[in-house]
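Enquirer: Quick one: structure below, then a few questions.
The values are calculated or read from the model by the stated rules, or taken from the named source; none is laboratory data. Values in this document were obtained by computation on a predicted structure and should not be read as measured data. For neighbour counting, all protein chains shown are included, and Cβ atoms are generated from backbone atoms with ideal geometry for every residue, glycine included. Only protein heavy atoms, including side chains, enter the accessible area calculation; ligands, DNA and RNA are left aside. Shrake-Rupley method; radii C 1.70, N 1.55, O 1.52, S 1.80 Å.
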Amino acid sequence: MEENQKETKFKTIPVTGGATYNKTPKNNIGFGKTILLPFISGVLGCSVVIGTVFGIPSIKTKIIGSETSPISTTNNNTTNSDGYIKQINLSEYSDTAVYAANKILPSIVGIKIEYTVNTTSIFGRGGSSTATASGSGIIISEDGYILTNNHVVSSNSSENSYYYQITEATKISVTLFDDETEYEAKIIGQDEQTDLAVIKIEKTGLTKAEFADSDDVKVGEFAMAVGNPVNMNSTVTTGIVSAVNRKITDSDGKTYKCIQTDAAINSGNSGGALVNSDGNVIGINTLKLSGTGIEGIGFAIPINSTTDITSQLIQYSKVKRPYIGISGIDLDETTAKRYNLVLGIYVKTVEDFSSAEKSGLKAGDVIIEADGKAITKMDELNEIKNSHQIGDEIKLKINRDGKEKEITLILGEQP
């Protein structure tokens, strides 16, 4: 039925009854009265109406337009006073991407790592060979310091097996933007917990990247990933910030609080930069989800969380962290009820000479509060601990043999 209606709308409607259209004979006697006079009157009336309409700007604009189109090109998606929606100028989006890329590219390096792979056959015979991998890095000083991911420059022990073993990197080479020279780099410091590392090349006059305030990053804003995916140096991909403060746990069980983006991040992008529309770094590309049905889900470590780590890696070659010295078990309602305990963290072991031992904490205690906050998970205790410095005090409330007790613990340095 719908198809027939559409067809009828556009085709000629036939005349019924077999009648034909013939020209009407001219009536010379009544022509002026019946034809000419109404025609002239109609023309004059129409002229008056059109003339009046053209004297009203808003109506005139809607009939024939104005010198500027009612759909204007502007950077803001707002509505004009006449109700017309303004349109984003895509050329300005392109200019934004060009500006951001030109600013950040001189600060991004390609990193090539060489490893030795020792193999063992089923017959007990072995051998060794050299393997290579690639990643990216961000120049953080004019005299050659480069920030990257720890997994870029460090072999992953979980990749080792009975048949082969990957050694630590035997050589690290860095390639600069628009420079095919390979500069040998040395590792300054590594931190497995945050997956960050600092390396250095002996060269000055480098272009240092500018950092943004990653705490101000908003969902939906422009994002550009820059790095060396699959050995394609100085590659940029664009997208938006998909989420902020996204908690992600990797295959090794480490949890990160990340910026999520749909800008393409591929193998080799690790250690490269995620930048905003100003070309300033908001994060370090670190993780991506992959698999059937997954597309455009990558993660970057917020740059604000790296600054203290970076300075410690340069100064101490490691990160100095506060330390309690216990191993614990999370007690949910079911577990606590089963063992006749209270909700909290069951202290399984206390390390010798640790802050926990010195404070009087004992195996079998249940920690129920830290700094006045009720806790039931080791992650919560670690979060409170990590908000302090070495030497700070933490007040713990524990349950020991059914009785509550307060303990003051002075944080030591993690071995």
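Enquirer: Can you give me the long-range amide H partners of Ala185? Hydrogens built in the peptide plane at 1.01 Å from N, cutoff under 5 Å, separation of 5 or more residues or another chain.
Expert: Ile172, Ser173, Val174
Enquirer: What ³J(HN,Hα) values, in whole Hz, does the Karplus curve 6.51 cos²θ - 1.76 cosθ + 1.60 give for the range 269-285 when θ = phi - 60°, with x put for Gly and Pro?
Expert: So the Karplus estimates, Gly and Pro as x, are 6, 4, x, x, 9, 10, 10, 8, 5, 8, x, 9, 6, 10, x, 10, 4 Hz.
Enquirer: Whole Å is fine, so just give me how far the alpha carbon centre of the range 234-303 lies from that of the range 332-400.
Expert: Taking the Cα centre of the range 332-400 as reference, the centre of the range 234-303 is 34 Å away.
Enquirer: In what order, largest first, do Tyr316, Tyr339 sit by accessible area if the probe radius is 1.4 Å?
Expert: Tyr339, Tyr316
Enquirer: Also: Assuming R0 = 35 Å, can you tell me the calculated FRET efficiency for the pair Lys337 and Arg246, based on Cβ-Cβ distance, to the nearest 0.05?
Expert: Given R0 = 35 Å and the Cβ-Cβ separation, E is 0.55.
Enquirer: I'd like the FRET efficiency for Glu380 and Glu210, computed as 1/(1 + (r/R0)^6) with the beta carbon distance as r and R0 of 35 Å, rounded to 0.05.
Expert: The pair Glu380/Glu210 has a calculated efficiency of 0.50.
Enquirer: Any chance you could list P(r) for the range 247-300, counting all Cα-Cα pairs in 5 angstrom bins from zero, rounded to whole %?
Expert: Percent of pairs per bin, in order: 4, 20, 28, 27, 14, 4, 2.
Enquirer: Also: Between Thr119 and Ser154, how many nm apart are label points set 7 Å from Cα along the C-beta direction?
Expert: Computed distance between label sites Thr119 and Ser154 equals 2.8 nm.
Enquirer: If you don't mind, another one. Report the local net charge at Asn304: Lys and Arg +1, Asp and Glu -1, summed over other residues whose C-beta lies under 14 Å from its C-beta.
Expert: Residues close to Asn304 contribute a combined charge of -4.
Enquirer: Shifting gears a bit: By how many nm would the segment from Lys320 to Val219 grow when fully extended, if each residue of separation counts as 0.36 nm and the alpha-carbon distance is taken off?
Expert: 33.1 nm
Enquirer: When only Cα pairs under 8 Å and 6 or more residues apart are kept, what is the percent relative contact order across the range 174-300?
Expert: Reported relative contact order: 20 percent.
Enquirer: Accessible area of Thr334, 1.4 Å probe, to the nearest 10 Å²?
Expert: 90
Enquirer: Considering the convex hull of the alpha carbon atoms of the range 194-280, report its projected area averaged over all viewing directions, in nm², one decimal.
Expert: The orientation-averaged projected area of the Cα hull of the range 194-280 comes to 6.7 nm².
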